[in-house]
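Worksheet: the structure to be examined is printed underneath.
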Amino acid sequence: MVLFKKVSFFILSLPLVGCTTVPTTLHDEKLKDYSPKITAEDFIYDPMNTPIAKYYEKELKAEEDISGATLIEDGLSAFVIRAAFARMATKTIDLQTYIYSNDFSSKVLIGELKKAADRGVKIRVLIDDYGTKSDIVDVMLLNQHPNIEVKVFNTVANRSKLLYYPQFLMDFNRLNSRMHNKLFIVDNIAYITGGRNVGSNYFYPETASNFSDTDVLFVGDMTKYATASFDEYWNYHLSIPASVFPKSKSKKDAKKLEKKFKEIEKESSDSINQYNKIISMVQKEYQNKNFDFCWGHGKFLADPPYKVEMTMEEKENYRGDIIKELMRLWNQTDNSVYISAAYFVPGEGGLDHMLKEEKSGVHMTVVTNSLASTNAPTVYAKWEKYRKQLIDSGADVYEFMLSAENLRGKEHDRERKQSSFSVLHSKTMVFDDDISWIGSFNLDPRSACYNTENVAIFESKEFADRLREMIIRDTKTSWHVTIENGSTVWTGSRPGDEKPRVYNKSPDTSIFRRIWKNITNLVPEKFV
């Protein structure tokens with residue numbers, strides 16, 4: 001280990017041509033003259049006086065601390081609603097995300113943010129450093145706008161691609177923990193949260209690897225708590241201004257991006273016109289109060305940003321507000337829990353609690369990824385460790401099915417096409433058909449101990465019914481996993497099937513994928 005550290009230090013000390021370093025903390029001497037463009041004064045306004053609030057003023061004033069919620073089930077709606085609310089914004093927009101891809105949909109969202117800023121809306125964008133994977137993401141260029149400020153959370157100091165990952169080994173405890181939070185807040189009165197990052201594979205089903213996800217749009221009282229959480233992260237010393245990144249200062253790249261916007265408008269004028277019509281239609285639907293809100297009361301919870309700086313021992317023993325609230329909700333549940341979990345690794349403690357609840361009469365229905373659909377076979381390998389005990393306890397377990405169009409052929413081996421697949425990415429739960437849970441939090445060790453997360457808990461039977469029905473619909477297009485004579489069996493039907501299909505091995509997978517899954521199982525559970 002000593003030799004390894006010496007070698008790593010030597011590599012990191014090599015003078016590289018064109019190598020750039022950035023601060024990892026606001027306390028760095030390089031940032032002594034940093035002055036924020038967007039300050040607390042920009043948020044001194046009454047959210048209830050904004051147009052977004054005015055359209056639902058009666059409902060928002062009907063009860064104290066009331067909020068409205070509506071499900072966003074598909075990616076296209078998720079993008080269009082974000083764009084529509086960006087156009088309706090008059091005061092502020094806050095965007096917090098783990099991943100910000102440098103693809104088409106991300107560029108279109110950049111355009112919407114820029115247009116809002118041109119109108120005078122103050123915009124803050126906070127992205128996780130690992131979630132960008134590089135300094136070339138165009139969102140960094142927005143920082144040149146006088147009404148937009150971009151920050152990067154938990155940065156890697158040396159920006160050389162050669163040294164990017166070696167630095168993780170040298171500062172593993174900090175850099176292994178990432179800001180996984182997802183928020184889109186408009187005028188401090190409406191916000192979107194859920195599982196979606198910013199990228200085409202979260203918004204468009206035509207992408208090669210599409211994430212099947214769930215968001216919720218909230219309006220009302222809960223928003224102020226989401227904004228308070230964003231503020232905490234924004235002002236934390238690990239949030240580094242984009243102004244110190246070379247990419248953000250490139251006038252040439254900014255002009256190229258502006259030129260790209262104009263080229264898209266010129267070359268795709270018909271599509272742009274159609275897009276604008278759709279956005280306008282969504283705005284009118286909201287203004288005419290046709291958004292299908294369920295009204296109730298809720299809370300917004302987030303891990304503190306200092307979680308990433310805890311020691312390894314502190315992280316592994318960490319029990320923050322999210323975990324405490326999850327345990328409280330489960331303990332007060334009498335009848336049922338419905339779970340849609342992209343990555344489901346409950347741990348021994350979590351499993352013991354679930355088995356106890358199932359035995360006491362709280363029936364659990366779980367939908368998670370199959371080996372074919374998951375983008376993380378390491379996580380699936382760990383999930384298998386708990387699956388049999390949950391099924392034996394009486395829980396209904398389902399694994400997400402690949403859609404028929406993503407399969408090679410009707411009568412051939414159902415091996416996954418690596419270039420085209422759908423991944424369950426939701427993180428939702430319903431307790432006793434009354435309380436809903438939705439956010440960025442996965443039921444796995446990474447969310448519980450290492451990454452920072454956020455969730456919204458909403459009390460409304462009407463909304464819970466809708467979320468439960470969405471999870472039940474997913475069970476119809478998933479494999480029902482059972483145990484027969486000690487062996488795992490997958491049963492399910494695809495469109496056109498006259499009778500259910502039955503498999504004794506993971507459906508839609510090749511022997512190579514199953515072998516790879518077994519190999520990845522060697523990774524310690526706490527690092528999946």
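Some notes on this structure:
- Placing a pseudo-label 7 Å from each Cα along the Cα-to-Cβ vector at Asp352 and Glu459 gives an inter-label distance of 3.0 nm.
- Across segment 211-364, the volume of the C-alpha convex hull divided among the residues equals 207 Å³ per residue.
- Each 5 Å bin, from zero up to the one with the longest distance, holds this percent of the alpha carbon pairs of segment 95-144: 5, 20, 33, 27, 11, 4, 0.
- Modelled this way, with points 7 Å down the Cα-to-C-beta line, the labels at Gln274 and Asn521 are 4.8 nm from one another.
- Approximating the spin labels as points 7 Å out from Cα along Cα→Cβ, the Tyr34-to-Glu265 distance works out to 3.3 nm.
- Across all Cα atoms of segment 473-528, the radius of gyration (one decimal) and Dmax (whole number) stand at 14.3, 43 Å.
- Once all protein chains are placed together, Ser360 keeps about 80 Å² accessible to a 1.4 angstrom probe.
- Contour excess over end-to-end distance, with Cα ends at Phe512 and Glu73 and 0.36 nm allotted per residue: 154.7 nm
- Counting Cα-Cα pairs of segment 430-497 in 5 Å increments starting at 0 gives whole-percent bin shares of 3, 14, 14, 14, 17, 18, 13, 6, 1.
- Note that segment 24-65, at 25 °C in a medium of 0.890 mPa s, gets a Stokes-Einstein diffusion coefficient of 177 µm²/s from its Kirkwood radius over C-alpha pairs.
- Isotropic mean projected area of the C-alpha convex hull, the chain (nm²): 26.7
- Set the Cα radius of gyration of segment 125-194 against 2.2 N^0.38 Å, with N its number of residues, and you get 1.29.
- Glu64-Lys284 FRET efficiency (beta carbon distance; Förster radius 51 Å; 0.05 resolution): 0.95
- Proportion of all alpha-carbon pairs of segment 273-379 beyond 21 Å (%): 62
- Accessible surface, per residue, of the chain when the full set of protein chains is kept, probe 1.4 Å, Å²: 44
- Residues with amide H under 5 Å from that of Tyr343, placed H, sequence gap 5 or more: Leu443
- Measuring against 28 Å, Cα to Cα, the residue pairs Lys107/Lys461; Lys161/Lys256; Lys91/Lys266 contain Lys107/Lys461; Lys91/Lys266 as the ones spanning a longer distance.
- Percentage of interatomic Cα-Cα distances in segment 233-295 larger than 13 Å: 77
The values are calculated or read from the model by the stated rules, or taken from the named source; none is laboratory data. Worth saying up front: this structure is predicted, and the values here are computed from it rather than measured. Neighbour counts are summed over all protein chains in view; Cβ atoms, including those assigned to glycine, are modelled from backbone coordinates with ideal geometry. When the accessible area is computed, the model is the full protein with side chains, heavy atoms only, and any ligands, DNA or RNA have been set aside. Shrake-Rupley method; radii C 1.70, N 1.55, O 1.52, S 1.80 Å.
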